[in-house]
Every structure is written in C-alpha cells, then in structure tokens.
1. Identify, by number, the condition in (1) closer than 18 Å to residue A:289 by Cα; (2) exposed (fewer than 15 other Cβ atoms within 10 Å of the Cβ) that residue A:400 doesn't meet.
2. Scanning for something over 23 Å from residue A:152 (Cβ atoms), at the interface with chain B (Cβ under 8 Å from one of its Cβ atoms) and assigned to a helix (DSSP H, G or I), does segment A:435-447 turn up at least one residue?
3. For segment A:374-424, enumerate the residues that are β-branched (Val, Ile, Thr) and away from every other protein chain (no Cβ under 11 Å).
4. Return the residues of segment B:116-138 that are over 23 Å from residue B:34 (Cβ atoms), within 14 Å of chain A (Cβ to nearest Cβ) and not β-branched (Val, Ile, Thr); say none if nothing qualifies.
5. Can you confirm whether segment A:343-354 contains a residue that is at pLDDT below 95, part of a loop (DSSP other than H, G, I, E, B), within 11 Å of chain B (Cβ to nearest Cβ) and over 19 Å from residue A:277 (Cβ atoms)?
6. Could you identify the single residue in B:219, B:232, B:236 that is under 29 Å from residue A:229 (Cβ atoms), over 24 Å from the mean Cα position of the chain (by Cα) and outside the structural domain of residue B:368 (by TED's automatic domain parsing)?
7. Please verify whether residue A:434 is outside the structural domain of residue A:102 (by TED's automatic domain parsing), surrounded by 24 or more Cβ atoms within 10 Å (Cβ to Cβ) and modelled with pLDDT of 95 or more, treating the condition exactly as stated.
Protein chains: 2
Amino acid sequence: MTAITPTTTVVPEPTTDVELEKLLEAAQTAAAPLAALRPAERAALLDAVAVALERAADHLIPTAEKETRLPEARLRAELKRTTFQLRLFGEVLRDGGYLDARIDHADVNWPMGAPRPDIRRVLVPVGPVVVFAASNFPFAFSVAGGDTASALAAGSPVLLKAHSGHPALSRLTAEVVVAALRDAGAPAGTFALITGTASGAAALRDPRVKAGAFTGSIPGGRALFDIASSRPEPIPFFGELGSNNPAFVTDAAAAERGAEIAAGFVHSFTLGAGQFCTKPGMLFVPAGSDMVDVLRSAALPSAAPLLNDRIQSGYTEVLRSLQSNPRLEVLAQGTGPLANPPAPTLLLTTAEDMLADPHALQTECFGPTAVVVTYDDETALPGLAETFAGQLTATIHGTNSCHVAPLVTVLARKAGRVVWNQWPTGVSVTYAQQHGGPYPATTAAGSTSVGTAAIERFLRPVAYQGFPQHLLPEAIREENPLQLPRLIDGRLQA
Amino acid sequence: MTAITPTTTVVPEPTTDVELEKLLEAAQTAAAPLAALRPAERAALLDAVAVALERAADHLIPTAEKETRLPEARLRAELKRTTFQLRLFGEVLRDGGYLDARIDHADVNWPMGAPRPDIRRVLVPVGPVVVFAASNFPFAFSVAGGDTASALAAGSPVLLKAHSGHPALSRLTAEVVVAALRDAGAPAGTFALITGTASGAAALRDPRVKAGAFTGSIPGGRALFDIASSRPEPIPFFGELGSNNPAFVTDAAAAERGAEIAAGFVHSFTLGAGQFCTKPGMLFVPAGSDMVDVLRSAALPSAAPLLNDRIQSGYTEVLRSLQSNPRLEVLAQGTGPLANPPAPTLLLTTAEDMLADPHALQTECFGPTAVVVTYDDETALPGLAETFAGQLTATIHGTNSCHVAPLVTVLARKAGRVVWNQWPTGVSVTYAQQHGGPYPATTAAGSTSVGTAAIERFLRPVAYQGFPQHLLPEAIREENPLQLPRLIDGRLQA
C-alpha cells in the first residue's frame, strides 16, 4: 500500500486535453481485462478499495471537513456508508444473479413453428463510463461513491469527474482508490480522476465512453444528457437531477398525531441543512387542523453554513424568489442571521394558490426551506399530486383507515419511491431501494442510483447462439461453474 | 366477436390532429386500469388477441399477400410466430419473474450504519407507448407484433403507427386487435392504430406518451430518437435500426466444409429476398481457400419482387452505389432481370480494400446482396471485426480447434448476438434471445426487441417504504398472493 500524502486544498488544474486523451485510452484498454475478471475477482477489488478508504479515514475526514463545512460525525457516517456500499456490490457480484443468465437449450419442437437453436444470454459491461460527482455527498456520491462502485462492479472502467466543491478531497480519495486498485491487481486504467467542466463534457462526447452517470442540478444534468443523446453514437446518461419530494398528511393522521408529524417534518427538511435530494420540499396539511399553528411555533434550527459558497448563494437566491412570491408567506424561521446563509425557513400557502402557480411553488430549493400547503378537502389530494412533475420520492402520513389508495396510485406514477408514515431523507442502501423517478427527478426513470439494482445501468445483454462450451462465458456454461441463479428453458433455477 | 369486414387496399387517410388527441387521451385514461390488472388478467387479453388473429387468418393472409408481395407460406408462418409470441408473453406474465419483486424487511442492525426500513420494490408499466411498425414483418413486427405484445404485457397502452407499406393489412389487423381486446374486457384505449408520419411524430412528442419503439432504417430511427430525447421530458426510444451482420469463416472451417458454408451463406443472405435486419451482409473468407470459386459458381436465386416499390427502389440505389465502388466487383448474380429489382448479387473485395473504405463497404443493403471479403491472415480477423459499428448479430464459422477467442471477444462487444456455425437469419422468439446491439444496430443497447426480455423496456421500478400490507401492490405483499419468484432480504426465492 502506497503512503497517502495529505493533499493541500489548492484547487487542482483542470485536466488537459493531452492528459484526458491518455486517461480515455487507458480506460478503453482496461475495459476488456476488467470485463474478463470473474465477478468474485471484481468483488475483491471493491473490498480492497473499501479497506483502503477506511485506513485513510484520518486523512480523508479532515480534508472533507475543510472543504464541505459538514461536521465530522456526519462525514464519518457517510464514509461508512461508502465502504458499506462497495462491499454490498461485492456481495452482488458473488451472488451473480445480477448477470440475468439465461439458457435456452435447442428444441426442435419449439412451438413458434421453427426449431429453437441453443441460445444463451448474459449481461456484459458496457465499457468505460464517465461519472460526475455530486457536491452534497463528498464520499457516498463522489469519487468512490455509489455510481463508481456500481460501474466498477459491472466491470466498466470509470472516469470520475470531480466536483469543484471539494477538489482536495476528490484528489486524495482518488489517490486512495487508484493505489488500492493497483495493489489489488486491477488493470491499469480501471479508474481515473478528471477535473474541470470542459474535461467532463469532452469525456462524455468521446466515442470510447459508453455511458454517463450524474448527480446534481436539473440544468447541469440536462445539458450533459443532451450531449450524451446527441452524439453520433448516443449513449445512456443516468442523471439524478432534482426533486421536490412532496409529503401529504391526511385528516386522520393530522388529528391523531399532528404534532409528531410536524416535528418529524422539521427534522427531515432541515437534516443536513436541507442539502439532500430527498428533502421533503412541500407538506400538505388539512386547513382545519392545528398543524399550521404547531409549525408556526416550531423551533427551527439556527442558520448553518451550507456546503460551499456556490450552494449558499444558490439557496439564498431561490429562497428570495420564493419569499417575494405573493402566494407565499413566511410561516416560521430559525434563529441566527437571515442572510448568508438564510436561516431555515418554512413558507405557507393554500392548495388554491399552489394550483395557480405550481411550477414556481414546487421549485426545488436546495437548503433548509420548505413550503406548507393547506388543503380543505382530502379527496382533492390525488388531484394536487397530479400537478407534480417526476419525483424521487413522495410521502404520505396517514392511518390504516384512510382512503388513500387513489393518492398512492398517483404518487407511484410520479415518483420512484413512495414512503408511508416515515420521511424520505436517509436513503438506505439495500437490495430493494429505488432512488430514481420520472424526469426531471432523473433522465432515466427505469434505473436507480442507490441500491444493488444500480449495477444494471452499466450492463448490456449479449446472446451466444450455438456455441461450444469452451468458447462461452463461464456464466452460461452448462455446468454452471459460477453457481449462478439462472433461467433455464424459461424456469428459474436458484 | 365483431364480424371482420375485409378492408380494401385504399390507402387510409392520415390520422387527423383531432383524432390523435382523442386516441392519446383514451390511451392515458386506459393506463391506470390496464396497469391495475393482475398479470394473469393481462395474459388473458394477449391470448384473446392471439385467438382472434388465428380466426381472422383467412382475411389477413390474402390482404398481406396483396400488399407485401410475400408468399402465402411465409405469411402463414409469420402469423404463427405472431400469435406464439403473444402467448409467450402471457406465460411471462403468469410466471411473474419479470416484475423483479424485491422485499427488504426492516433491519435495525443493517451494517450501513443506520437501521434499514421496510422497502419493497416492483416494476410498474411506464404508461402509453408509441410503436412504429416495420415494413418487412407485416405481422411479427407490425400491428400485433413483438413491440405491441411486450408493451401490452407490461401494462402500457399502445398507439401503433402503421407502416405505409401495408396500410390495408394494418387497418384490418388493428380492427381484429381492438375488437378482441374490447370483447375480452380490456380498458377502452388500450390499443389504437394511427397513420401518417406526422401523426407518429406528434404522438412521440406528446407528454402523455412515455416511451417509443421502432423497427426500421437508421435515418428514420435516428430522427425519432432525436424527437424522444429532445422533449421537455425526454423518454426512452427503443429503435432497432440497421445492421450489416458480418460473418467470419476461419481457415480450418473453410478447409473442412467450405462448400457447405458457402451454400448456407447463399441461403441466408437471399432468404426472404434479403429483407431481414439479420441478413449476413459481409462474409470474410480465407484468400487461399476455394470458397471464392465456390461462391462464384453458386446458383443464386432469380430476382424476386421486394416488399414494395419504395424498398425496391432503395435496394436498387444502394446496390448501384456498391457496384460503382471501384473496390468491389461482382462475384455472382442470380438469373432474371437485372433491374427492378436487381437479381441477387454477391460482390467481392479484399480485406485491404475493405479497410480502406469500411463505411461505404459495410453499408446495409436491404435486399439480396452481400459482400465477400478475402483475408490473408486469420490473426487479422479481430482487427477486421473492430472496424464495424454496433451490430445486431455477428457470426463465426469455425472448428473446435480454432483460436477464435479474441474474435469472439471483439464480436461480443460489437453485437447483441454472436452466432457459431449457424446463420443469423430466423430470429427465434425465446427466453434468452437478444435482438439488439450497440448503436446504430439500436438506440438502446441495453434492451432487446425479440424474446421475453423485451417486456423490460416498458417498465420502471417503484419502491414502497414502510407501507401497510393492504396498500401494497399484490406482487410485494408478504404472503405472496401472486406466487412470484422474489428477492427477499437479498436472497432469491423461486
């Protein structure tokens, strides 16, 4: 293991064209040997990266604290999440079900009307991927984050475009990752860091790159999606962009536990100073309940510094625009200075006013601000839900006797994850997690960027027809040397 | 069942804007009730369509014969394929594995560092889909073809843009489908036919439409892909565009059974008058073998009418362009008139000449024409394979002692299906089939348009967090009422 030198916080020079060309060539060269590794061998690489990150924690955490203004405890928890998800993808690889291996034996009586040849299908890596790191998770959605972990697990080399919000941490993390991969025997070129907006766009345009992944803003993500889609050879672009994450409180729930729900909401929308893509940005409460009064007198946290100056000024700008909207009034505000950054803020409106200007009022405000909407009639909730564009999450607080099935139906069409009597922040990394949703929540509603299914983004199917055993990938050889669950002649064999 | 009136071959008027608006609204209205049906209930709808098509065969076949110039036996076989695949998707629905149902029970000790909530994930239909029918499969890739079957199976309503090559057949088939669905109790708006290029594009632009599927040319498919990608809300577009489908014969295979391979090649590239997207368009043979001589004296079929005048003139034009290319000479030609349409034609070149102008020589020629390429050194085959863009298929004829692993590796990167000692035409509809490939073979390399996995194109995942049982979709309720294979806490339970 190479010694890690703590990096200074000097902003690194953007990757030059000459450097980028070398890194792209190296990534392409790495693609075949990385794809040729057995899944368990790639799992060992991910494990090695996890161990190396843990060993480097005492360098990584202070660097992250300096650059992101996030507290140490949060950063240590996030690093744990990061190493956990690297190892979870290792488990996915060792299980092998992700390969969706299928074998159809030859069948002269196949009822299609013509004999069926021997056909075997398996997923293979797409090739080099460009990952654009996020600002708000300097570990878990950054250099060694979920997109990197899932792409490497799939067997696709990664060019990681560093986020400008934490350049020194990005550089240091990349050094750890590169050294760990090298020492564990990964092909040279499996992973590299690139810096600078132009480099990221150039990499995405390069014909050697076969997919992109991104977490960030709607305008930034859309611009990159447009680049990926308008290439001579278009490639998939998995962008996680923006979300309002509305939450709906039924009459019965408000009556039963309005104060508890209000407290949970305040905790959720101010968690991490509201800098989560799953922050609940709008809460619908019954006009007749006392929830508005409870929220008016809620003790909001005091102002806390946001991730970086750019995020802080962006938050201030959107909040000012909301505050100047005549349909919104300030319901509550945290203590502390009201500028740079503004204190946590709750705004208030009515369902009628929201319906009059949904686009403005549902705008994502990245920071500790949310809008409370009072409604008169619970049966109007599905219609109110219809006004939303695609969402990462949507939440309902209800009771078992509420007639919310129509609302659930609308929200399942609008969002990637629907939450019941909990809050959407704190996205667990699991097998069944879905962190995605229709545009503009993401640019690829069929995919997730959190959870084990995230690996599917970087795979494509190949069928082998009539092949002798020795020329087949191991995953689809008759004797099943990798011990995979497989679909044999249409029947699943676990 | 409504009586089917044989339709005249008068070209129908294009769908008007007013009609299209009604059909889009009906499709959107149908989306929720169609999605709410149990998988087995949708299977019954597909079965009903299959039965209705079989009952209408004696109307459908003569209409198809008039419009497509395809012989009756071929059309009857294709209709059988069509009803088979409708029923096969019914089987997929009854099995339910396609739902990729996952359940993570709550786990306070989840090693991520925070308790795991109860999360359950299932695939749901994307919503209304526009399907653009193909010219060359008037049944199997047309009105009631694979795209329609897989979209309806997924639970997505279909607007079917008829191909102008067989308007009366399209209208008649649509009448059968609409009547069968209605009589089987499908929601009104589940399926509708639209006609006219402008209507197809307008439907693809409409915000109520959530995906597109297409089989056809590269320029046509790319134009539609660009529409789908540049919408305010971009949607996935599954286009199957064009492919050369190269085939490679090793030294040993040529020596062992050159004449047999040559005969198989001639059969495959002239099958259906060469009007298959999997027609092998280029055959690499050893310069030293006698395969060139065998092919020079091969008895090619005589000229046969192509599907329609447009395809005939397109074929004539591309063939003339190839014949005027100084790097190509005519190796063999079928008997019959050499114009309108030209007789089946084999062209000849060398690997060196192909490398000098790969783009022109690898152009897809939709009709019974192919190019034979002689190579000097078998170790050059992987490099020759590298010159190809994305392909639907790639074929190797070898022996078990050939060192073709490097060639297989390149071809698996270039193509969706790799074929060994067989021919790529005659795409079987199976569980493991993969009919797709990197661009320009398709616009979505991660998907297939043939085989049971085609259903995945029209689904997206939704996670339910913390929900009570009665509000969950049946697929992810604890007691497993649909008897699905599911991933429970990361373990597959078949």
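The values are calculated or read from the model by the stated rules, or taken from the named source; none is laboratory data. No experiment lies behind these values; they were computed from the predicted model shown. Neighbour counts run over all protein chains shown; Cβ positions are idealised from the backbone, glycine included.
1. So residue A:400 meets the others, but not (1).
2. Scanning segment A:435-447 turns up no residue that is over 23 Å from residue A:152 (Cβ atoms), at the interface with chain B (Cβ under 8 Å from one of its Cβ atoms) and assigned to a helix (DSSP H, G or I).
3. A:374, A:379, A:387
4. Correct list: B:116, B:117, B:118, B:137.
5. Checking segment A:343-354: not a single residue is at pLDDT below 95, part of a loop (DSSP other than H, G, I, E, B), within 11 Å of chain B (Cβ to nearest Cβ) and over 19 Å from residue A:277 (Cβ atoms).
6. B:232
7. Yes, satisfied.
Quick grid of which residues meet (1) modelled with pLDDT under 95; (2) touching a helix residue (DSSP H, G or I) at 6+ places or on another chain (Cβ under 9 Å); (3) within 21 Å of residue A:419 (Cβ to Cβ):
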site	(1), (2), (3)
A:223	no, yes, no
A:235	no, yes, no
A:241	no, yes, yes
A:247	no, yes, yes
A:260	no, no, yes
